[in-house]
Amino acid sequence: MTAAFDLLLSKLSHPREFLETLNGLLGLPLALLAPWGEVLAWSGKVPAKHPTQNGRGRGFWALEAGEWRLIAYGNDAQLEVAAPLLALAQRMLRLRTMEKALERAQEENLGAAFLDELLLGEADLRRAFAFGFEAGFPLLMALIEAPAPLGRHRLAETRRREILQQLKRSVGVYLERLGTPYLISGRGTRAVVLWQVHDVAKEVPTLLWAAPEGVRMGYSAVHRSLEMVGAAYREALIALKAARPGEAIGFEGLDPVAWVLLQQSPEDLKALVERFLPLSGRALRTLEVYLEHSGDLAATALALHIHPNTLRYRLQKIEERLGVSLKSPETLAQLHLALRAKGLLET
């Protein structure tokens, strides 16, 4: 086991060489996966799809190995024999994760200070080259927020710091793997991230996937100057307000109606809903579907799986309850705004 340890240790900095060496020792196909599902390395004949959860399964063993998932393939007897060496490899990968996390934290502390200066408009932009940023290259700002623990006591504050560290670590792992310059800072349970972006449509969803479950993300328009970081932050913050848990919303794709409503306080939105939507249950659902189909009775009835005459009866009762006509454009606009406000209150 000592010889195996020394051999694996010498390859630890190179994932593919590490797996090839482990494969040579075990004779089993192996794969190393990133949290967002990317196969970082493999050795031997591995399947096209890999387990998404850790644990033993039919023909495989998936182990949590720090920032990665180590998967060995074989029958139960083979995996049982390989267990001691797999456990050793798992501990070594965890150790490597801790070392890389420490290195990353030291670099990110300097980057966080520079990002904070950029947000305040007090940074010397010439320093950006020290962090790998190139002039004129597309930049994207994202705010990624994790659910905050309840309470204001010391335990809750400690938990908030742990959540932020976990969030920053997972984001940093992905961006480091992407090989792009980035800066990351934190506010409460919210990570503030700026990076040189290549493909927004690919990188944003993967970044959300790499982050812990339940987070939400708002991101800015693409900018080409660090002088625009303050504006990008405001854009990302507006987009974040419209995002639900597990969702990423960009400023440029934000619905202007939602944007206007989000400028109001929750109390004002609640008052709007109570004033224009004193409905519940079936009536509220009927109205929602009716507006979704722009007042098309046939399409609405089909979507609700009811007869058109039943729909007409329900709409008549809704008009009586609201004291308005659903044929009035002004009324329809008010109800649309109230429904949007209701949806935002439920996020």
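Looking across Lys270, Lys241, one residue alone is open to solvent by 70 Å² or more (accessible area, probe 1.4 Å) and over 28 Å from Ile318 (Cα atoms). It is Lys241. Restricted to the stretch 40-57, and to residues there that are surrounded by fewer than 15 Cβ atoms within 10 Å (Cβ to Cβ) and within 22 Å of the chain's Cα centre (by Cα), the residue that is nearest to Thr97 (Cα to Cα) is Asn54.
Across the stretch 24-38, the qualifying residues are those that are at pLDDT 90 or above and assigned to a loop (DSSP other than H, G, I, E, B), and the one among them that is nearest to Pro205 (Cα to Cα) is Pro29. Of all residues in the stretch 278-293, at least one satisfies being at positive phi and loosely packed, with under 13 Cβ neighbours inside 10 Å.
When the residues of the stretch 3-26 are filtered to those that are small (Gly, Ala, Ser) and in contact (Cβ under 8 Å) with a residue 24 or more places away in the chain, the one that is most open to solvent (accessible area, probe 1.4 Å) is Ser13. Filtered by the rule that a residue be within 15 Å of Leu337 (Cα to Cα) and either free of Cβ contacts under 8 Å to residues at least 24 places away in the same chain or aromatic (Phe, Trp, Tyr) (or both), the stretch 271-324 gives Ala271, Glu274, Phe276, Leu284, Val289, Tyr290, Glu292, Ser294. Within the stretch 181-204, being among the aliphatic types (A, V, I, L, M) and open to solvent by 10 Å² or more (accessible area, probe 1.4 Å) holds for Val200, Ala201.
In summary, helices (runs of 4 or more DSSP H) completely within the stretch 247-344 and bearing 2 or more residues that are modelled with pLDDT of 85 or more occur at 266-276, 281-292, 297-304, 308-322.
With the requirement that a residue be under 40 Å from the mean Cα position of the chain (by Cα), under 15 Å from Glu288 (Cα atoms) and of a type in the set (D, E, K, R), what does the stretch 298-345 give you? Answer for the stretch 298-345, where residues must be under 40 Å from the mean Cα position of the chain (by Cα), under 15 Å from Glu288 (Cα atoms) and of a type in the set (D, E, K, R): Arg340, Lys342.
If we scan the stretch 98-116, do we find a residue that is more than 20 Å from Val193 (Cα to Cα), at pLDDT below 90 and either of a type in the set (A, V, I, L, M) or exposed (fewer than 14 other Cβ atoms within 10 Å of the Cβ) (or both)? Checking the stretch 98-116: at least one residue is more than 20 Å from Val193 (Cα to Cα), at pLDDT below 90 and either of a type in the set (A, V, I, L, M) or exposed (fewer than 14 other Cβ atoms within 10 Å of the Cβ) (or both). Of all residues in the stretch 187-215, those that are under 15 Å from Pro147 (Cβ atoms) and small (Gly, Ala, Ser) total 4.
The values are calculated or read from the model by the stated rules, or taken from the named source; none is laboratory data. Being a predicted model, the structure only gives us computed values, none of them experimental. So basically every Cβ, Gly included, is an ideal-geometry build from the backbone, and we count neighbours across all protein chains shown. SASA here: full protein model, heavy atoms, side chains in, ligands and nucleic acids out. Shrake-Rupley method; radii C 1.70, N 1.55, O 1.52, S 1.80 Å.
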